[in-house]
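A.B. asks: Got a structure here, written out as structure tokens. Questions coming.
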Amino acid sequence: MAKSHTLENTSIEIIHEIERGNVQHALFDFDGTISLVRDGWQSVMVPMMVDILLNETGTDETPEQLEGVVVEFVDNLTGKQTIYQMMQLCEEIEKRGGVPKQPLDYKDLYNSLLLPTVDERIAKLESGEIEAADLRVPMSLEFLQSLQKRGVKRYLASGTDVEFVRHEAGLLGAASYFDGGIFGALREYQSFSKAMVIQQILDDFNLTGSELLVVGDGSVEIENAKAVGAIAVGVNSAENNRYQMNADKRGRLLHAGADILIPDFRDGNRLLTYLFDS
Ligand SMILES: [Mg+2]
């Protein structure tokens, strides 16, 4: 394997040499990859879970200790549907002698706690106080436009509930660029996963790995991509949360098998030149 290197005068890191010139379909993650609407969600989910563990179990752990436990599992499960984080919460409650509610109950609670933050951003967007571009990962929309020009079919797949994803993608001006469809978490959580969407695309179009590009900031989609030989672009985007939860995002994306790393899409056109230049 050739040594990893940075494309000259760009922010693009080539980790593995890939088969170039074949991309026809591209699948994107949403939060942290295209959208910053839910940026900071960890600062809502973590305290909620710490409170629940303190109040619904007989644990004698301190809030700080519980925070450490919660941060670790929330971080590890990021990129999968939110319900998996809530299922783990239920396990942690049981481990400490508590009787958990259903994971969906905790997910509904989480969504209701996050909603004011999301709504506030949406209201600012609608009033013109902020622009859609401020809530998008830099140059992500332009990257989608360039892919469209090149005739690449685009898909969105997110661990956030599909109705939120559709709505927020619309607000960001990005929804219409996903001509292949917008997919997200369902209440029947077994009916959706990013891996399932990827497999469906491969089957529908009879694709081989390097014809599919997968772009995301989470290890889940990168691992899913590499499991089928697709080209995986890891987006090492900056997110705000008070737990340093993505301090090692780069390391995670590398560990998951990313072929290429970018901080955002500022050098999107160079990336496309690279991908399409066989
Ligand atoms: Mg993400």
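Please treat every number below as a calculation from the coordinates, not as lab data. Note that the structure is a prediction, hence the values are computed from the model and not measured. Because the Cβ atoms are built from the backbone with ideal geometry, glycine has one as well, and the counts that use them run over all protein chains shown.
A.B. asks: Mind giving me the FRET efficiency for residue 242 and residue 206? R0 is 41 Å, r the Cβ-Cβ distance, nearest 0.05 is fine.
C.D. replies: 0.30
A.B. asks: In units of 2.2 N^0.38 Å, what is the alpha-carbon radius of gyration of the range 42-127?
C.D. replies: 1.16
A.B. asks: If one computes the Cα centroid of the range 202-241 and of the range 1-41, what distance in Å separates the two points?
C.D. replies: Centre-to-centre distance over Cα atoms comes out at 9 Å.
A.B. asks: Want the number for residue 127 to residue 186: 0.36 nm per residue separation, take away the alpha-carbon distance, what's left?
C.D. replies: 18.2 nm
A.B. asks: Kirkwood Rh and Cα-based Rg: tell me the resulting Rg over Rh for the chain, rounded to two decimals.
C.D. replies: Here Rg/Rh amounts to 0.98.
A.B. asks: On to the next question. Given a Förster distance of 22 angstrom, what is the FRET efficiency for residue 20 paired with residue 269, based on the Cβ-Cβ distance and rounded to 0.05?
C.D. replies: 0.90
A.B. asks: Going by how many other beta carbons lie within 10 Å of each one, how would you line up 140, 193, 11, fewest first?
C.D. replies: Ranking 140, 193, 11 by Cβ neighbours within 10 Å, fewest first, gives 11, 193, 140.
A.B. asks: Also: For the chain, modelled as a Gaussian network with Cα springs under 10 Å, which listed residue fluctuates most, 88, 145, 102?
C.D. replies: Top of the fluctuation ranking is 102.
A.B. asks: Based on DSSP H runs of at least 4 residues, each adding -39500 (n - 2.57), what is the mean residue ellipticity at 222 nm of the chain after dividing by all its residues, to the nearest 500 deg cm²/dmol?
C.D. replies: Using -39500 (n - 2.57) per qualifying helix, the result is -14500 deg cm²/dmol.
A.B. asks: Any of 124/194; 95/249; 80/226; 153/226; 107/153 with alpha carbons more than 21 Å apart? Name them for me.
C.D. replies: Exceeds cut-off: 124/194; 95/249; 107/153.
A.B. asks: Whose amide H sits under 5 Å from the amide H of residue 35, counting only residues 5 or more places off or on another chain, with H placed in the peptide plane?
C.D. replies: When sequence neighbours closer than 5 places are left aside, the close amide H contacts are 137.
A.B. asks: Oh, and also: How would you classify the range 99-158 from its alpha-carbon gyration tensor, with a ≥ b ≥ c the square roots of the eigenvalues: rounded for a/c under 1.5, else prolate if a/b is greater than b/c, otherwise oblate?
C.D. replies: oblate
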